[in-house]
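Step one of this worksheet: look at the structure below.
The values are calculated or read from the model by the stated rules, or taken from the named source; none is laboratory data. All values reported here derive from a predicted model rather than from experimental measurement. Cβ: placed from backbone, ideal geometry, glycine included. Neighbour counts: every protein chain shown. Surface areas here come from the heavy atoms of the whole protein model, side chains and all, with no ligands, DNA or RNA. Shrake-Rupley method; radii C 1.70, N 1.55, O 1.52, S 1.80 Å.
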Amino acid sequence: MFEGRRVAVVVPAHNEEKLIARVLETMPAIVDRVVVVDDASSDRTGEILCEAGRRMGGRLRVIRHPQNGGVGAAIVTGYKAVLGEGTENTVVAVMAGDAQMDPADLPRLLVPLVKDQADYTKGNRLFTGEAWKIIPRHRYLGNAALSFLTKVASGYWHVADSQSGYTAITGEALAVLQLDRLFRRYGFPNHLLVELNNYDFRVRDVPIRPVYGVGEVSGIRLHRVVPTLSWLLVKCYFWRMKEKYIIRDFHPLIFFLVFGLALTSVGLGLGAWILYHRIAVGALAATTVIFDAFCLIMGFQMLLFAMWMDMERNKGLR
């Protein structure tokens, strides 16, 4: 228990034979329930979990996926298991099976939830300059790019470390979310933020210590992940605009967004044609160039207004 609230922790694990025992052994005493989801591991992870189950008894529940579904699918399975046990007076955290999340940081994630200051908390490893020294540079830069796109897509502009999987959520908020429509792999935390914003849940960034060099093996390939998640976030942005600002409650920012996209598209298309015409044929009339500049300037202005209105609408969700 923590401040009178039951604490459950979901641990997604795939081929974590080296570190899963360490994660369970260092699980804080405040945790009442640990749900480990073995995402079809092919190493000794399952065997180690069986041994841990004999030591931890009913505190530990192990669920095994027959096929690998991805980290998002494992977390969803864990969330559903906790939901099945009842979420009243419960907070649910997620800690990875690779020991990259410091157990000492867990209370800091839980405090805003038990004090009703937030519905969802997310660890921020980038809070201090220490992260630049500890996190591999290519991962840091990839994280920064995806974090910016996630700010736009989710509406949570104050969330800095979008790729951090160290999170906690109240049972009440978890029960509202549509878990089955969330992305099943590495983009899960990004997609979850979009889902949370759709229901106006309060999200808070919590500084945590970045942990690297403990024997973890990353399966992330940035050259594949960044394009995939970028496209996911583009789709999530337009889905959120539709759900939140048209279906749930119509907002005038939609006019700025639609006209901004239309004018920008016309401006970019016309600009490409002007460039081609100038190279292949010759210069065009000045009025055509002026009209193209007008479309681009007005289009970008309208898109910025739409973004600003979205930021204003969500500034209280922290």
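Let me know the number of lysine pairs in the chain closer than 16 Å at the Cα, not counting same-chain pairs under 8 apart.
Details: K122/K151; K151/K235; K151/K244; K151/K315; K235/K244; K244/K315.
The result is 6.
For segment 35-82, what class follows from the C-alpha gyration tensor (a ≥ b ≥ c being the square roots of its eigenvalues): rounded when a/c is under 1.5, otherwise prolate if a/b is larger than b/c, else oblate? Don't skip to the end; give the middle numbers.
Numbers: a/c = 3.20, a/b = 1.26, b/c = 2.54.
Oblate, because a/c is 1.5 or more while a/b does not exceed b/c.
Can you pull the percent of the chain's accessible area that's carbon plus sulfur, 1.4 Å probe, other chains left in place? Don't skip to the answer; put the middle values down first.
Numbers: 9300 of 15150 Å².
Of the solvent-accessible surface of the chain, carbon and sulfur hold 61 percent.
If I stretch the segment between I297 and E25 completely, what's the gain in nm (0.36 nm per residue apart, minus their alpha carbon distance), one decimal?
Numbers: separation 272, 0.36 × 272 = 97.92 nm, distance 5.82 nm.
Stretched out fully, the I297 to E25 stretch lengthens by 92.1 nm.
So how far apart, in nm, are the two label points at W231 and M1 if each is 7 Å from Cα heading toward Cβ?
In this crude label model, W231 to M1 measures out at 5.0 nm.
Mind checking the full-extension length gain between C50 and A145? Use 0.36 nm per residue of separation minus the Cα-Cα distance, one decimal, nm. Can you show the working numbers first?
Details: separation 95, 0.36 × 95 = 34.20 nm, distance 3.97 nm.
In short, 30.2 nm is gained.
Please give me the summed charge of the neighbours of R33: other residues whose Cβ is under 11 Å from its Cβ, Lys and Arg +1, Asp and Glu -1.
Numbers: positive: R6, R59, R61; negative: D32, E85.
That works out to +1.
Kirkwood hydrodynamic radius (Cα pairs, Å) of segment 38-197?
On the way: mean 1/r = 0.0589 Å⁻¹.
One decimal place: 17.0 Å for the Kirkwood radius.
Hey, with R₀ at 41 Å, roughly what FRET efficiency would R184 and A272 work out to, going by the Cβ-Cβ distance, to 0.05? Provide the component values of the computation, followed by the final result.
Details: r = 37 Å, r/R0 = 0.90.
With a Förster radius of 41 Å, E is 0.65.
With equal scatterers on the alpha carbons only and no solvent term, can you work out the Debye log10 of I(q)/I(0) for the chain at 0.10, 0.13, 0.16 1/Å?
-0.62, -0.95, -1.34
Once whole DSSP H runs in the chain are found, which of them have Cα atoms spread over 24 Å or more along the helix axis and a mean Kyte-Doolittle score of at least 0.5?
253-280, 286-314
For the chain, what is the relative contact order in percent, using Cα pairs closer than 8 Å and at least 6 residues apart in sequence?
On the way: 520 pairs, mean separation 56.6, N = 318.
So the answer I get is 18 percent.
What fraction of the DSSP beta bridges in the chain is antiparallel, stated in percent and rounded to the nearest 5?
Numbers: 8 of 29 bridges.
Approximately 30 percent, going by the DSSP bridge assignments.
Between A286 and R318, what length in nm is gained on full extension when 0.36 nm per residue of separation is reduced by their alpha carbon distance?
Working: separation 32, 0.36 × 32 = 11.52 nm, distance 4.89 nm.
Contour length minus Cα-Cα distance gives 6.6 nm.
Which chymotrypsin sites (Phe, Trp or Tyr not before Pro) in segment 225-318 pass both tests, a DSSP loop state and at most 13 other beta-carbon atoms within 10 Å?
Values: sites: W231, Y237, F238, W239, Y245, F250, F255, F256, F259, W273, Y276, F291, F294, F300, F305, W308; in loops: F250.
The qualifying sites are F250.
Report the FRET efficiency, 1/(1 + (r/R0)^6), for F238 and R209, where r is their Cβ-Cβ distance and R0 is 51 Å, rounded to 0.05.
Values: r = 36 Å, r/R0 = 0.71.
Given R0 = 51 Å and the Cβ-Cβ separation, E is 0.90.
Please work out whether segment 102-212 counts as rounded, prolate or oblate from its C-alpha gyration tensor, where a ≥ b ≥ c are the square roots of the eigenvalues and a/c under 1.5 means rounded, while otherwise a/b larger than b/c means prolate and anything else oblate? Mind dumping the intermediate values first?
Details: a/c = 1.91, a/b = 1.28, b/c = 1.50.
Oblate, because a/c is 1.5 or more while a/b does not exceed b/c.
How large is the helix-only mean residue ellipticity at 222 nm for the chain, computed as the sum of -39500 (n - 2.57) over DSSP H runs with n ≥ 4, divided by its residue count, in deg cm²/dmol to the nearest 500?
Result for the chain: -16000 deg cm²/dmol, rounded to the nearest 500.
Would you mind computing, in nm to one decimal, how far apart the modelled labels at Q117 and V258 are, each placed 7 Å from Cα along Cα→Cβ?
The two pseudo-label positions are separated by 4.2 nm.
Find the centroid of the Cα atoms in segment 32-64 and in segment 138-162, then give the distance between the two in whole Å.
32
Could you report segment 37-138's accessible area per residue, 1.4 Å probe, as an integer in Å²? Walk me through the numbers on the way to the answer.
On the way: 4540 Å² over 102 residues.
Result: 45 Å² per residue.
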